[in-house]
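For reference, the structure is listed below as structure tokens.
The values are calculated or read from the model by the stated rules, or taken from the named source; none is laboratory data. Worth saying up front: this structure is predicted, and the values here are computed from it rather than measured. All Cβ positions, glycine included, derive from the backbone under ideal geometry; neighbour counts span all protein chains shown.
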Amino acid sequence: MIAGSPHLVFQGSMMSLYALKPRFQALLRPTVERMAARGITANRVTLAAAMGSLIVGLGVAALADLRITYLLLPVWLFIRMALNAVDGMLAREFGQKSLIGAYLNEIADVVSDTALILPFAVLPVFGAFWTGVVIVLAVITEFAGVMGPAVGASRRYDGPLGKSDRAFVFGALGLWIGLGAPLPGWFGWLMPVVALLLVLTVANRVHKGLREVRDRPVS
């Protein structure tokens, strides 16, 4: 997620940390090769990431009065991004692609997103309503990406607030809260801003998917 170039990276016309993924994968490749040699499968890694996200997300939400527990979020979000990269590399580079794996990957991402955003709903400054809106829009964002192949385009990962970008935003918020930094009233605007960026992300993915199909040369 944060490994790689510190420069701004753009995907199409929208900035997204997803464009840093190849460099992150290069750092992980030696570890992935060892995991493959030991018989660790992509699907197991996918399930481990989802289970870990559920445990961390629900645990932090249950212990929200102990603000220090929010420090688990940036740590786990980074680990989750690494696991997501690992399962993809195992699938592509070691012949582990499968239909069930494709389902698991997309479903696990939605489950993980929901679990890891949930702890912010119990903080009055963010509130359950706007946090719920963000969770729903995050799900719709991934659905918009998955719909790409259904209309003849590629799986869309366009920003401005894809999965990697959301991990950065909520990881930074978790770090801020966990360190006991103040939560002024204007923080309440952060969730509406995130919601707006997610709406833009959905629109961007739909637009880019349709344009990809429209601009494809006719054979």
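Pick from the stretch 32-69 the residues that are surrounded by 15 or more Cβ atoms within 10 Å (Cβ to Cβ) and of a type in the set (Val, Ile, Thr): which of them is nearest to the chain's Cα centre (by Cα)?
Thr46
Report, by residue number, each residue of the stretch 52-94 that is among the small types (Gly, Ala, Ser) and either part of a helix (DSSP H, G or I) or more than 19 Å from Phe170 (Cα to Cα) (or both).
Of all residues in the stretch 52-94, those among the small types (Gly, Ala, Ser) come to 52-53, 57, 59, 61-62, 64, 82, 85, 88, 91.
Passing the criteria: Gly52, Ser53, Gly57, Gly59, Ala61, Ala62, Ala82, Ala85, Gly88, Ala91.
Within the stretch 67-98, can you find the residues that are of a type in the set (Phe, Trp, Tyr), farther than 20 Å from Leu54 by Cβ and at pLDDT 95 or above?
Passing the criteria: none in range.
Of the conditions (1) surrounded by 15 or more Cβ atoms within 10 Å (Cβ to Cβ); (2) modelled with pLDDT of 95 or more; (3) more than 17 Å from Thr131 (Cα to Cα), Tyr157 fails just one. Which one is it?
Of the numbered conditions (1) surrounded by 15 or more Cβ atoms within 10 Å (Cβ to Cβ); (2) modelled with pLDDT of 95 or more; (3) more than 17 Å from Thr131 (Cα to Cα), the odd one out for Tyr157 is (2).
Let me spell it out: the conditions are (1) hydrophobic (A, V, I, L, M, F, W, C); (2) under 16 Å from the mean Cα position of the chain (by Cα); (3) surrounded by 19 or more Cβ atoms within 10 Å (Cβ to Cβ), and Trp130 meets all of them except one. Which number is the exception?
With respect to (1) hydrophobic (A, V, I, L, M, F, W, C); (2) under 16 Å from the mean Cα position of the chain (by Cα); (3) surrounded by 19 or more Cβ atoms within 10 Å (Cβ to Cβ), Trp130 is out only on (2).
Do the conditions hold for Val110, that is, is it assigned to a helix (DSSP H, G or I) and without any contact (Cβ under 8 Å) to a residue 24 or more places away in the chain?
No.
Being touching a Pro at 6+ places or on another chain (Cβ under 7 Å) and modelled with pLDDT of 95 or more, is that true of even one residue in the stretch 46-58?
The answer is yes; a qualifying residue exists.
Of the residues that make up the stretch 203-210, is at least one of a type outside the set (Lys, Arg), buried (at least 21 other Cβ atoms within 10 Å of the Cβ) and in a helix (DSSP H, G or I)? Before you say what the answer is, go through the steps one by one.
Our first condition is that a residue be of a type outside the set (Lys, Arg); within the stretch 203-210, this holds for 203-204, 206-207, 209-210.
From what is left, the residues that are buried (at least 21 other Cβ atoms within 10 Å of the Cβ) are 204, 209.
In the following step, the residues that additionally are in a helix (DSSP H, G or I) were identified as 204, 209.
Yes - at least one qualifying residue is present in the stretch 203-210.
Looking at the stretch 23-51 only, could you name the residues that are among the small types (Gly, Ala, Ser) and either part of a loop (DSSP other than H, G, I, E, B) or under 19 Å from Gly178 (Cα atoms) (or both)?
Matches in the stretch 23-51: Gly39 only.
Of everything in the stretch 133-154 that's over 19 Å from Leu73 (Cβ atoms) and small (Gly, Ala, Ser), which residue is surrounded by the most Cβ atoms within 10 Å (Cβ to Cβ)?
Gly145
How many of the residues making up the stretch 44-63 are over 18 Å from Asp113 (Cα atoms) and not charged (D, E, K, R)?
1
Does any residue of the stretch 160-178 turn out to be modelled with pLDDT of 95 or more, surrounded by fewer than 15 Cβ atoms within 10 Å (Cβ to Cβ) and over 18 Å from the mean Cα position of the chain (by Cα)?
no
Looking only at residues that are touching a helix residue (DSSP H, G or I) at 6+ places or on another chain (Cβ under 6 Å) and of a type in the set (Gly, Ala, Ser) in the stretch 102-127, which one is surrounded by the fewest Cβ atoms within 10 Å (Cβ to Cβ)?
Ala121
Find the residue count for the stretch 120-137, including only residues that are in a helix (DSSP H, G or I) and either at pLDDT below 95 or hydrophobic (A, V, I, L, M, F, W, C) (or both).
Taking the stretch 120-137 as the starting set, the residues that turn out to be in a helix (DSSP H, G or I) are 120-122, 128-137.
When the remaining residues are screened for being either at pLDDT below 95 or hydrophobic (A, V, I, L, M, F, W, C) (or both), the result is 120-122, 128-130, 133-137.
Final tally of qualifying residues: 11.
What are the pairs with Cβ atoms under 8 angstrom where one residue, in the stretch 128-150, is touching a residue at least 40 places away in the same chain (Cβ under 8 Å) and over 25 Å from Leu173 (Cα atoms) and the other, located anywhere, is in a helix (DSSP H, G or I) and of a type in the set (Gly, Ala, Ser)? Sequence gap at least six, or different chains.
Cβ pairs passing all conditions: Ala144/Gly209; Met147/Gly209; Gly148/Gly209.
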